Structures are given as C-alpha cells and as structure tokens.
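Working notes for the structure below.
Derivation of every value follows stated rules applied to the coordinates shown; laboratory data play no part. The structure presented is a predicted model; accordingly, all values stated were derived computationally and were not measured. All Cβ positions, glycine included, derive from the backbone under ideal geometry; neighbour counts span all protein chains shown.
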Amino acid sequence: MSTRYDVSRVPLQGGYVAKQCPVRAQNDALQPGEPLPPSPFRERLFRGGNDFEAEIVAQLTALHPAAEVIGGHAEEAEAATLAAMARGVALILGGRLPPDHVGRRVGRPDLLVASPGGGYRAVDVKWHASLEASRGSASEFPGRCSTLGAPALEAAAVDATYAARKREDDLLQLAHYQRMLEASGMAAAGGRWGAIVGTERRVVWYDLDTPWRRTPSATQTTKLRSTMERYDFEFAFRLDIIAVALQHELDPATELLVVPVKCAECDTCPWWDHCRPQLTAGAGDVSLLPRVGWSEWKVHRALGVDDRADLAALDVRTAEVVAAGVDVHGLMVSASGLPVAAPVAGLADGRQLDALVAAGVTTAGDVAALDAPTAAYSGTGMTSLPAQIDLARAALGPAPAYRRRGLAQLAVPRADVEVDVDMENVEAGCYLWGALVADRSGLGLERDGYRAFATWEALTPEVEAANSLGFWRWLMEVRAAAHGRGLSFRAYCWSAGAENTYLRRLGVFNEIADEVEAFIGSDEWVDMLDVWNRQVITGASSGLKVVAPLVGFSWRVDDAGGAESMLRYDIAVGGDGDTARAARRWLLIYNEGDVQATAAIRRWMESADVPGIESVAPSVGDARRS
C-alpha cells in the first residue's frame, strides 16, 4: 500500500471504504451536515443480510461441531480469534482479525477457513447469488466451488455449468481481509484466494490475483488489473482522502482532494442532500450525463469544461476527428502558418489522414476552422467525446428526446405476434414472469392481454425453476403457433441482462440450456433498451421508469420501482390474509405496468415526430467559450 499523505491519524477502516464513493469517505470524515437515514429498502437489505448470515452460521455449526464461534467486544473477539488461529481451528465463525495499525485496517470476516498447509483464507456470506450460468467465455471466472460441509479451497472443484459472478464490492472486501491476514502473518500459502457464500449456499472461490478489471492507466489508455491491485489503489486513495479531510478540519486552507461526482451510489448515499445541490447548480455537472464517469469527468475538468453547457458548446465535427485518434491540437499548430489552400496531406499521413479526409478536412484552411477548445482533447483517449457532446445538448435542449446524429427516422422491429416480457426477482431468485400478448395478425392465435406466471411459495431453486419453466413452455408454444401459421414472432423486454440471467438459470436447471441460448441469440428476442439507446438520446438515464413517462405512460401503482417491489414481495410471501393478498395484487399490477410500458415505448418510436439532435444549437444553456 502506498499513500501520498500522513495517514497515521486516520481511524482504522473496514473494507467497505474501498468500495464506496471517494466523496462519501470524505463526507464521513467531515460530517458536513445531517446524514439521511437509511431508506426502508436499505434497512431491508441490512436485515435480510444479517438473517441470511445467521442461517449460514447455524448450518455451519451443525455441520462442524468443532467450529469456533467468536463473540464478545472488539478486544475479546480479537484475542479469541488469534487464539483459535494459533490452535489451528479448522473453521472460525465471526472472527475479528488483529488490527493492522500500519495499514490502518480493521475487519471481521464471516468465516476463516484453515488451509491444510497452515494459515487461513477469508470467506464472506452475502445475501445474493454468487454463481451464474456459464457461457463458456474466456473472461469468465470459473465456478470453483466447495460445500458448506467441506468449505476449504483444497476441497473445491470447478463446476463447468456455472461461472463465479464478478461483484467487485465482494471481491474488494475479500482483498481487505487478505491484506489483514498477511499483516498478521496468518495468510495461507499457495496464492491469494477468498470466497463468497451466496444464496446458492455454496462456497465460491476467487483467485484475487487474476487480472480482470480494466481501469485507467498512466502509461496507456487502460490496463487489466487484479482484485488485489484494485483494492490496494482504492483503499490507499481513500486513506489519503480522509487524512486530508482531517487536516482540512484543523486548517480550512487545506484543499480537499475530491469534489462531488455523480455515481451509481448517489441515490442511496446518506450525503446525497449535501452533494446534490453542488452537482445540479447552473447547467449541471457533466457527471449527471449517462456513461460519463469519474475518468471522463477528470478529463473535462482538467480542460475547463465544468458543466453540461460547456460540454454542449464543443464542436462535434472536431470531436469526431479527435475521437478518431488525430492530434488535432498539434495539427492546428502546424497548419497555422500555411496558406489556406495547402493540402492536409502534407501535415498528416496514414490513418490520421484518412480520418481527416473522411471528416472533410483536406486543407490547412479546413484545419484552422476546427474548434480549438475541442481540439484540446487530443491525446486524452476520449473516444466517446462526440456522443458526450450530444448527450449534453439533449439534456439542455427543449425537447424530451432526440434522434441520434445522422439518423433520418426511428425504426422498431415488429412482428405479427408480439409478447412483451418482464420478470421480478429477489435475492433468492425469480418469482414472477409477466407477459403482454398482442396478436397483430388478427387470427386469434393467442388471447391478447397480460399473463402472469408467479409463485408465492418459499423460493427454493426447485420452486423457481418450476415456475420459470411454466412460463418458458407457454412462450415457446405461442412462438410455435405463430410459426405454424407462417407468422412472424418477437418477444421484447427492457434491458435483457436481467431476463437473460434468469432464462439461463432455468435453462441450466431444466437441462434446456442450448434451447434457451438459441432463443436469446435470435432476432426474435428484442432488447428494447438497446433499440432505444441506438436511436434515441435524452441526456438522462435510459431506465424504464425514466423513459416511459417521456412517451406519456404511467403506472397504476404508487412508488413503482424495483426497491418497492422487493418490499412488497416480503409482505406477499410473509404477510397474513388480506395484507399478503394486497401485496400480491400490487406486484401483479406493477409487473403488468412494466410490460405495458415497453409496448408503449415501441408504439411511440414508430409514430412520434422526434427531432434530430442536430437541431440543438451548440449555444444551448448559454455555454461559456474560451
């Protein structure tokens, strides 16, 4: 670990800090106001995670009577854990590792599993799936699993049916425990490994030194890094942030290391009310745009592009040449003293020349007409700059949505028989598949309207698979009936990643994986989110709950959203009488709304008069120019 600042005053940190937003680490230290309380959904996650961990611990203690369960306050737990490790106890539950004062770490892994060769490996219990159906990709983590009855890495075997899910939060936590074990001299030999016990109740092992995460690099555009490399950087960075924040409290002249940047955590962060006004002031921070993360934000900020209006004011033509890898800034310097008719061929060659000619830049005069502020992005590797400019213009423009640049009209794949699909899931799996049928052939092959395939039983893998198989067989019957009459068929969803995950699960469990994969890969399975994103630009999120209102659709239930649906599900399966029935009705109406929304977006795309993004002037938002 390497830090740039004196971190000796930084309180010992748990592994969570490495996986949280850097600005949150700073705010946790500064306490700039009253933090927001956890939402009901966050409280549900805490409660459910604790309950699931207790179930796993109970199962392990039953399977391993010699396991040691550590209790007591911090010092007692640390002493008991050290004593158990010194005795070589095979399985330690709830242990607290000795604090790493040099590394500023503290941690309490759920399980410590002894290695036959000495030392320990950390295992964490997580209330979510840790395996997914393997697709045979070389980039997958193998599903290396051991059982709760024999949890050690040495007892693990690769289950080729599954791949280990790459949840970076989980892996960074394991890396934190690995560093603590190393600091205490109790890490097992034979590589750095950690494991997750998920809802499958299998021990899924990860090689923490395997490169897998592509991140920015000082020497090249990106670099593939291991979990340990990621953790070491992220943890050290946050120690620096906290150290400077503590110094800032003593001397306000000390400049803080980070400022708010919009990220996925913001909506659930206790400091969102503190950061939000800073991000939304004026034309709004560039990070409010979709797919503009910290790396892009850093480049914009370094070049004086501070908000969406500044970004909207950049020149798309110049950005396209920059994105093609041309050093436009250097080219403008070289062309500055030449006659305007001098050919650009004398200034560039190879791929750069091809990119210039493709953009209509053929003379020194054309080069001089390019935009200097946009040319400043040369060499930054910002290949998405033209798209980001259009995103900023769409966000600030007068229309709710625009056609993407160069697109004359919107097009949507249609069929004689159409089925909109949406599934609902919780941590244990998928409990509901909803489908909206539209027989556009007029032949009455299938009754139009909504179908629900739901189970309210305790959700085991067997129950999930049986319910999902019922949906799958019905869908394939509708498809076969259409084909049998010579009609076209398509099924639609919004953001296929989630549906595909659970379709593949049913395929593996019911031994029809090839059949499922063939359908997923066909043009009869349409991801409407992909269709939307390839053609429409709004400058905001493309989530279904954001897009559907833009086309005039609204749900018939209050608080429509995934978090609320999980809260309602708990009542639907655990409540009594009328309460449970009301929750089930809510879930079915909510799911019906999701499939209706997908169909409504498809109809809107076919009929709406959507302006092109070219119609938005660069001056939208009264941007500053330099």
Requested in this report: Report, in whole Å, the centroid distance computed from the Cα atoms of the range 134-184 and the range 74-127.
Outcome: 18
Query - Simple Cβ-charge dipole of the chain, Lys/Arg +1 and Asp/Glu -1, about Cα centre, in debye nearest 20 - result: 560
Requested in this report: Please work out the FRET efficiency for the pair A358 and S488, using the Cβ-Cβ distance as r and a Förster radius of 35 Å; give the result to the nearest 0.05.
Outcome: 0.40
Report summary line: Across the alpha-carbon set of the range 402-500, Rg over Rh with Rh taken as the Kirkwood radius works out to 1.06
Query raised in the report: Which helices count as membrane-span-like in the chain under these terms: full DSSP H, at least 24 Å along the axis by C-alpha, Kyte-Doolittle mean of 1.0 or more?
Result: none
Query raised in the report: If we sort 534-542, 235-243 on the protection proxy, mean other Cβ atoms within 10 Å, highest first, what's the order?
Result: 235-243, 534-542
Report summary line: Computed for the range 282-399: size of charge dipole around the Cα centre, +1 on C-beta of each Lys and Arg, -1 on C-beta of each Asp and Glu, debye to nearest 20, value 140
Query raised in the report: With each label point set 7 Å from Cα along the Cα-Cβ vector, what nm distance links A345 and E427?
Result: 6.7
Report summary line: CD proxy, 222 nm, the chain: helix-only mean residue ellipticity via -39,500 (n - 2.57) per DSSP H run with n ≥ 4, per residue, nearest 500, stands at -13000 deg cm²/dmol
Report task. Order the peptides 65-75, 310-320, 95-105 from the highest to the lowest mean number of other Cβ atoms within 10 Å of their residues. Result -> 310-320, 95-105, 65-75
Query raised in the report: In a solvent-free Debye calculation with one equal scatterer on each Cα, what is log10 I(q)/I(0) for the range 251-307 at q = 0.23 Å⁻¹, listed in the order of the q values?
Result: -1.00
Query - Point-to-point label distance, R47-S522, nm (Cα→Cβ direction, 7 Å offset) - result: 4.4
Query raised in the report: Taking 0.36 nm per intervening residue step and subtracting the Cα-Cα distance, what contour gain separates L256 from A563 on full extension?
Result: 107.1 nm
**Report entry** For the chain: lysine pairs under 17 Å (alpha-carbon distance), excluding those fewer than 8 apart on one chain
**Finding:** 5
Query raised in the report: For the range 417-607, what value does the Rg/Rh ratio take when both radii are computed over Cα atoms and Rh is the Kirkwood radius, given to two decimals?
Result: 0.96
Query - FRET efficiency estimate (nearest 0.05) - Cβ-Cβ, R213 to S541, R0 25 angstrom - result: 0.60
**Report entry** Alpha carbon centroid spacing (whole Å) that separates the range 564-626 from the range 344-369
**Finding:** 46
Requested in this report: Using label points projected 7 Å from each Cα along Cα→Cβ, tell me how many nm separate A74 and M476, to one decimal.
Outcome: 5.7
Requested in this report: Take every Cα-Cα distance within the chain, group them into 10 Å bins from 0 onward, and report for each bin the whole-number percent of pairs it holds.
Outcome: 3, 13, 20, 24, 21, 13, 5, 1, 0
